[in-house]
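Structure record follows, encoded as structure tokens.
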Amino acid sequence: MGKMYALGTLRKHKLKILATVAVLLLAGILADRVLFPLPKNLLKRPDSTFVYSRNHQLMGCFISSDEYWRKPVKLDDISPLLTKSVLACEDQWFYYHPGFNIVSLTSAAVDNIKAGKIIRGGSTITMQIARMIEPKPRTLKSKIVEILRAVQLELHYSKKELLEFYFNLAPYGGNIEGVGAASFFYFGKTPLELTPAQAAFLTVLPRSPEEIRPDKDLQACLNARNRVLKVMLNKGLIDEKKYGSALTEKIAVKRTERPVTAPHLCRELALARADPGEIISSIDLDIQTACENLLNKRARRLAEKDIHNASIVVLDNATGEVLALVGSIDFFNDKYSGQVNGALAARSPGSTLKPFAYALALDKGLISPKMYLEDLPVYYCGYSPQNYDDTYRAVVSVTDALQLSLNVAAVNVTARAGLKGFFDFLQKGGLSTIKGKYYDYGLPLVLGSCEVRLLDLTNLYRALANGGIYAPYSLLPNLSETSSDTLFSEGSSYIIAEILSDLARPEFPASWEFAENIPKIAWKTGTSYGRKDAWSIGFNPRYTIGVWVGNFSARPSPELIGVDAAAPILFEIFSAVTSKTEGRWFSRPENVGIRDVCCVSGLVPNPYCKSTMEEYYLPGISWSQRCNIHKEILLDKNTGNQLCRHCLKDKWCEYDTLVVWPAKIATWLGKTGSLVQNVPAHNPDCRGASFGDRPIINSPRDDVAYFIRENIPPDLQCIMLDASVTSGTRRLYWFIDGYLHSTLEPGDKAFYVPEPGDHNIVCSDDLGRSSTVTIRICD
């Protein structure tokens, strides 16, 4: 009857209604142009941030700046059934009116008068948008303003745009605005995936978003939804079968819980994003979940060792995309600062920088994999590095030195390659936390006297996997090529990878029970001074993975050793992410050759080297000196003395091949009781050398007393070290009380700061010949 009455009224006052419509339209246009322009800025509200994996799986979300949940969607991404349902229930003449429906307004006015109160408003969807952007009390004046604003909206936007505004501004209870956020928090899905029952619920909820919320009044919610379902049935939007099924569908009382996957990364992306909204990250959810689960399983065992934090980074070598980033074991553990992002925290890297020093030295031709290095006490302007086990091996190959992570050898290699060049290399390789001047760090830099971030360090190792080419990492899908720099050659990268991939290394964790099933990887560990940080970084052709274990409080633990605490995690991750059929390894580059070298010195063999072995090398670059350890000498068969061309005449002689180590090495080996092949003494009757075979110590002298004077700085009382040598001598080594003081060219001099007491001074040459004096210094 009410509808018939309204139609009768419409016919009776047709001219008046048309005049009213014309007045309202003219008023709306005038208002838009002169009186009060449309506040378009209010149509766009702060968005919430939703972070997704690379495969569009939601990982985390963050509320908007005004503490509302909003997730804007396009009209094409909304279920057509929901759109039709809203139009059927809210504004079936939407596509035909100019922003207001005079018939609906008149009908609503009549109904309200009959009821004696406001029971319906007659607002169109466009008028509802106007009320959403400028909420006002429900008065006649407010209604007129809504009509004028609706006319303005229709003048500026298409019907499709207006529908989109409605769905993104509509209130859905509490602090949820927009159908995108409502679909997620009520149903855990997108608006395009809604069932008829869900579409009916979201159709009616904006009418009374607080009164018919399922968590406040479930029955009222169901009643309202079912009324909309009836309308949908009557309008032919759904059939009887769907209608019956929808009536029985339950509505969840609680909101969908927000996912918390990769929370540290999600937070970093949200904070870095100037414009909130949807963020598609580079994260592979399967790999991320595997890493998180792995740390969760190990949390108890680590806690028993007073270790409470760990971080993991997984990089795609080809693209630089971060496939997994675990910032801590438990993001919500306040006691152990779980919200600290360990992947971005600056920590001491221990020995993890050593491979890069060796790579630089390889490219400079200073070393080759099998050549020997000295592992002896050494001094650099007051700095004397020591190995982790406090022992010296005298001589060690480059390969063994890197695999054993020997500090002395690494420092010597860095010194030869150049500290400044190594420092510049690390900065160029993205270690942004290394700042200042190279001399502020000194040679201990290669041993970890700096701080680096796990993500940066892992990405630098990725350069080894990419043939020496460095490129930045990316937290987003890397859809375009990024800038890159060549840090070292493909050849040195390959050689380092081969050295680091040897699973028979002594530092391999004995606790790893299934070594034969581990995919082949190149890997390195590190332990910071004081056992505060344990590292393990590894790579294969597809992935580079970094692991840090420790405490964010910097609390040490005796169990914080890279090979024991971090390496098992690294191998478990590689086993989890690498296919069993994926056995591809790096191909040997064209600029890497294979050559035979002496088994003792690791140098190119001379005619006296009895056995050889193969090594990789860089043709035209690698150290090519012939072996200087194996030497052929002429012996007097009667006396066993060594002969030379000056004393060879009338002697019964024979040739013999000896292993003759340089004086420094030979001296240390002899001092430590190692078996050293003695070089026979030269024929004492030979007069071929003017000063004899041994160095003659000119200063200091053992027949002079030395006194330290008071009130004179010690560096002004130095004692000169000077010796005369034969013409064949190339190096002199000065030892004071068994420790190497200096290495000199013949004719050069060194100075020694005296200390009270008796001191033994030895001068040895490169053939192992030496002279000794004992001096006394009095104070």
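The values are calculated or read from the model by the stated rules, or taken from the named source; none is laboratory data. Bear in mind that the values here come from a model prediction, so they are computed numbers and not experimental data. With ideal geometry, Cβ positions are generated from the backbone for all residues, glycine too; neighbour counts draw on all protein chains shown. What goes into the accessible areas is simple: the full protein's heavy atoms, side chains included, and nothing from ligands, DNA or RNA. Shrake-Rupley method; radii C 1.70, N 1.55, O 1.52, S 1.80 Å.
Return the residues of region 636-671 that are closer than 27 Å to residue 394 by Cβ and surrounded by fewer than 19 Cβ atoms within 10 Å (Cβ to Cβ); say none if nothing qualifies.
Once the filter is applied, which keeps residues that are closer than 27 Å to residue 394 by Cβ and surrounded by fewer than 19 Cβ atoms within 10 Å (Cβ to Cβ), region 636-671 yields 640, 656, 657, 658, 659, 669, 670, 671.
Output the residues belonging to region 419-456 that are hydroxyl-bearing (Ser, Thr, Tyr) and assigned to a helix (DSSP H, G or I).
438, 439, 441
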Could you run through region 251-284 and say how many residues are open to solvent by 30 Å² or more (accessible area, probe 1.4 Å), farther than 19 Å from residue 184 by Cα and not in a loop (DSSP other than H, G, I, E, B)? 4
In region 285-300, residue nearest to residue 53 (Cα to Cα) [restricted to those that are open to solvent by 20 Å² or more (accessible area, probe 1.4 Å) and in contact (Cβ under 8 Å) with a residue 12 or more places away in the chain]: 285
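Name every residue in region 601-628 that is of a type in the set (Val, Ile, Thr) and without any contact (Cβ under 8 Å) to a residue 60 or more places away in the chain, in order of residue number. Talk me through it step by step, then tell me what you get.
Restricting attention to region 601-628, the residues satisfying the condition of being of a type in the set (Val, Ile, Thr) are 604, 612, 621.
Hits for region 601-628 are 604, 612.
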Quick one: which strands (runs of 3 or more DSSP E) sit completely within region 536-636 and have at least 1 residues that are within 24 Å of residue 466 (Cα to Cα)? 543-550, 593-598, 612-617
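Every residue, every condition in (1) in a loop (DSSP other than H, G, I, E, B); (2) open to solvent by 20 Å² or more (accessible area, probe 1.4 Å), yes or no:
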{"residue": "302", "(1), (2)": "no, no"}
{"residue": "305", "(1), (2)": "yes, yes"}
{"residue": "312", "(1), (2)": "no, no"}
{"residue": "322", "(1), (2)": "no, no"}
{"residue": "353", "(1), (2)": "no, no"}
{"residue": "367", "(1), (2)": "yes, no"}
Residues that are open to solvent by 20 Å² or more (accessible area, probe 1.4 Å) and out of contact with any strand residue (DSSP E or B) (no Cβ under 9 Å at 6 or more places or on another chain): find the helices (runs of 4 or more DSSP H) completely inside region 119-233 holding 3 or more of those. 140-156, 159-169
Exclusive hit being of a type outside the set (Gly, Ala, Ser), surrounded by fewer than 23 Cβ atoms within 10 Å (Cβ to Cβ) and either touching a strand residue (DSSP E or B) at 6+ places or on another chain (Cβ under 9 Å) or in a helix (DSSP H, G or I) (or both), set 477, 472: 477
Inspect all residues belonging to region 591-601 and state whether any of them is more than 30 Å from residue 632 (Cα to Cα) and either surrounded by fewer than 19 Cβ atoms within 10 Å (Cβ to Cβ) or among the hydroxyl-bearing types (Ser, Thr, Tyr) (or both). yes
Has region 138-160 got any residue that is under 23 Å from residue 199 (Cα atoms), of a type in the set (A, V, I, L, M, F, W, C) and at pLDDT 85 or above? no
Output the number of the condition that residue 76 fails; it satisfies all remaining conditions of (1) in a loop (DSSP other than H, G, I, E, B); (2) open to solvent by 60 Å² or more (accessible area, probe 1.4 Å). (1)
Residue tally, condition part of a loop (DSSP other than H, G, I, E, B) and surrounded by 22 or more Cβ atoms within 10 Å (Cβ to Cβ), over region 369-384: 3
Going through 621, 629 one at a time, which residue ends up being among the β-branched types (Val, Ile, Thr), buried (at least 17 other Cβ atoms within 10 Å of the Cβ) and over 28 Å from residue 740 (Cβ atoms)? 621
Mind checking which residues of region 334-351 are among the small types (Gly, Ala, Ser) and either open to solvent by 10 Å² or more (accessible area, probe 1.4 Å) or part of a helix (DSSP H, G or I) (or both)? 337, 345, 346, 348, 350, 351
